[in-house]
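Notes for the one structure printed next.
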Amino acid sequence: MPAGSRVLVVEDDARLAATLERMLTAEGHDVEVAGDGLEALKSARSRAPDLAVLDVMLPGVDGITVCRRLRETAQFPILMLTALSGTEERVRGLDSGADDYLVKPFAYQELLARVRALLRRTRPADRLRFADVVLEPAERAAWRGTRELGLTATEFELLTAFMRHPRQVLTREQLLAAVWGDTEPETDNVVAVYVGYLRQKLEERGEARLLQTVRGAGYALREES
């Protein structure tokens with residue numbers, strides 16, 4: 001399963017939701033749980049997931065309606081869950097915009113296999129993700145949450161270096177080689193200057209710091225302790 005995907009689990013059965021969260025987290029994913037349809041819509045609109053696992057039978061706004069509303073603006077894959085096994089129910093789910101359908105009770109390994117398949121079909125292999133930062137090398141674009149960062153070419157290369165080595169301490173020399181190569185840098189402190197530029201864009205709206213200074217060693221992309 002491609003690691004680092006953001007998965008939204010929409011399930012009102014607290015025990016099942018907790019199990020799915022635990023299993024998907026163990027696979028390396030960032031999992032958010034919503035207990036009803038309105039919560040699911042709010043979550044998906046504030047920060048779009050890479051995939052949603054959506055129960056049909058939800059309190060308030062049902063899963064079919066949630067799926068239709070999500071499809072108005074979103075293209076991420078949706079795996080629907082239901083206790084109803086009839087053909088008509090499956091057709092309703094798929095017609096509402098779901099990409100796949102699983103009937104309860106199901107084997108957890110089957111659910112994980114279907115999630116893997118959906119992510120392989122829809123997620124570019126070279127996409128990089130750390131916390132709420134996503135970098136698309138092919139598009140040369142990056143986002144924090146839903147906000148595009150608008151990076152310069154040098155800032156993009158610097159962020160790419162960090163995203164390819166998350167939580168690792170990168171020295172000034174390593175960053176110079178990765179970003180500037182054989183080109184003579186403008187100043188001796190060019191790495192510190194561009195780390196500062198990148199921090200400004202990453203933290204423009206008061207977000208938590210992700211680019212940490214490791215005194216005497218270099219810099220690391222990691223959450224604050």
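Here, each number is a calculation from the coordinates, and none is a lab measurement. As the structure is a prediction and not an experimental result, all values here were calculated from the model. Reconstructed Cβ throughout: ideal geometry from the backbone, glycine too, with neighbour counts over all protein chains shown.
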With 0.36 nm assigned to each residue of separation and the Cα-Cα distance removed, MET57 to THR146 gains 29.1 nm
Can you tell me the alpha carbon radius of gyration of the chain divided by the globular rule-of-thumb value 2.2 N^0.38 Å? 1.19
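Which GluC sites (Glu not before Pro) in region 44-107 sit in a loop by DSSP (not H, G, I, E or B) and have at most 13 other Cβ atoms within 10 Å of their own Cβ?
Sparse-neighbourhood loop GluC sites (Glu not before Pro): GLU72.
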Among PHE162, ALA178, THR152, flag the residue with its Cα farthest along the positive direction of the charge dipole of region 140-212, charges on Cβ as +1 for Lys/Arg and -1 for Asp/Glu. PHE162
For the residues TYR108, TYR101, TYR219, what sequence is obtained by ranking on other C-beta atoms within 10 Å, fewest first? TYR108, TYR101, TYR219
Would you please classify the overall shape of region 18-72 from the alpha carbon gyration tensor, given that a ≥ b ≥ c denote the square roots of the eigenvalues, rounded means a/c under 1.5, and beyond that prolate means a/b larger than b/c while oblate covers the rest? prolate
Full-extension gain in nm, GLU27 to GLN200, via 0.36 nm per residue minus C-alpha separation: 59.1 nm
Label-point gap, in nm, between ALA117 and GLU224 - each point 7 angstrom along Cα→Cβ: 4.4 nm
For region 6-122, shape from the Cα gyration tensor axes a ≥ b ≥ c, cut at a/c of 1.5 then a/b versus b/c, turns out rounded
Given bins 10 angstrom wide, list per bin the percent of all Cα-Cα distances in region 135-195, short to long. 20, 53, 25, 2
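What's the magnitude of the charge dipole for the chain around its Cα centre, counting Lys and Arg as +1 and Asp and Glu as -1 at the beta-carbon? Answer in Debye, nearest 20. Show your work: numbers first, answer last.
Working: 31 positive and 36 negative charges, 29 e Å.
Here the size comes out at about 140 debye.
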